[in-house]
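Read through the structure below, which is laid out as structure tokens, and then see the notes.
The values are calculated or read from the model by the stated rules, or taken from the named source; none is laboratory data. What you see is a predicted model; the values in this text were computed from it and never measured. Neighbour counts are summed over all protein chains in view; Cβ atoms, including those assigned to glycine, are modelled from backbone coordinates with ideal geometry. Note: accessible area is taken over every heavy atom of the protein model, side chains too, but ligands, DNA and RNA are not part of it. Shrake-Rupley method; radii C 1.70, N 1.55, O 1.52, S 1.80 Å.
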Number of protein chains: 2
Amino acid sequence: MTIDPQVAAVLKDPAALIPAIVQDASSNEVLMLAYMNAESLSLTLSTGKATFWSRSRNELWVKGATSGHFQEVHSVTLDCDADALLIKVTQTGVACHTGERTCFHNPLEFGN
Amino acid sequence: MTIDPQVAAVLKDPAALIPAIVQDASSNEVLMLAYMNAESLSLTLSTGKATFWSRSRNELWVKGATSGHFQEVHSVTLDCDADALLIKVTQTGVACHTGERTCFHNPLEFGN
């Protein structure tokens, strides 16, 4: 396991799993939310391919490794209290395993 | 504590705290990430003001109640596995307690 020294230095808790928002770099559409640990963040920064920690499989998860729907990373931004990430990407294919473009496709009834 | 029946029905785990991405409804800029439980989500849907659960203060948190920087909600969308939310808002003032427009203002060095 190789951790980027930058990553170890900036995260609020380098041992924690933190939410990473994935946003389309050109349309600004929010595509999905997944989780990163220090290792997956380091790999994302060094490879330029969005890499997460799968909470269900308990393993590193290069987005697209199975589906071919890779996410080419344009930028990675940490929030003010260093416990959330914003990843801007170019999405190959679709982000959601259901075949939808974005994982956020279930609107809740609002304002009734 | 009043829970919207819709909320109880749709969440993967109605007892869990889940991440809520806040996005500017007109610019599509991602402003912040905070957490909601079933009660704060129900209040967000019924009041139209973004309401979170503060993990540090362990209490309901109407965004802007102290700062005046309220978030008027336009839409609330649940993701495919019902454990993350996307909230589109009109932001009064700024989203970040540091005075920045967005909480995501610390770019990481990338692609070296």
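Couple of notes before you dig in:
- Within segment B:1-14, considering residues that are without any contact (Cβ under 8 Å) to a residue 40 or more places away in the chain and open to solvent by 40 Å² or more (accessible area, probe 1.4 Å), the one farthest from the other protein chains (Cβ to nearest Cβ): B:1
- Strands (runs of 3 or more DSSP E) wholly inside segment A:31-112 that include at least 1 residues being among the small types (Gly, Ala, Ser): A:51-54, A:71-79
- Filter result (among the polar types (S, T, N, Q) and away from every other protein chain (no Cβ under 12 Å)) within segment B:15-25: none
- For segment A:57-109, residues that are touching a residue at least 60 places away in the same chain (Cβ under 8 Å), within 30 Å of residue B:8 (Cα to Cα) and among the β-branched types (Val, Ile, Thr) total 1.
- Residue count for segment A:31-42 satisfying the condition of being of a type in the set (S, T, N, Q) and more than 11 Å from chain B (Cβ to nearest Cβ): 2.
For every residue, the table says whether it meets (1) loosely packed, with under 15 Cβ neighbours inside 10 Å; (2) touching a helix residue (DSSP H, G or I) at 6+ places or on another chain (Cβ under 8 Å); (3) within 30 Å of residue A:46 (Cβ to Cβ).
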residue: B:19; (1), (2), (3): no, no, yes
residue: B:58; (1), (2), (3): yes, no, no
residue: B:76; (1), (2), (3): no, yes, no
residue: B:89; (1), (2), (3): no, no, no
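- Evaluated against (1) touching a Ser or Thr at 6+ places or on another chain (Cβ under 8 Å); (2) at the interface with chain A (Cβ under 9 Å from one of its Cβ atoms); (3) loosely packed, with under 15 Cβ neighbours inside 10 Å; (4) at negative phi, residue B:28 falls short on exactly one condition, (4).
- Members of segment A:92-107 found to be in contact with a Leu (Cβ under 6 Å, 6 or more places away or on another chain) and either at the interface with another protein chain (Cβ under 7 Å from one of its Cβ atoms) or not hydroxyl-bearing (Ser, Thr, Tyr) (or both), listed by number: A:95, A:104, A:106
- Taking the listed residues B:51, B:66, the one that is open to solvent by less than 30 Å² (accessible area, probe 1.4 Å), more than 8 Å from chain A (Cβ to nearest Cβ) and of a type in the set (S, T, N, Q) is B:51, with no other qualifying.
- Tally, over segment A:102-112, of residues that are crowded, with 16+ Cβ neighbours inside 10 Å and of a type in the set (D, E, K, R): 0
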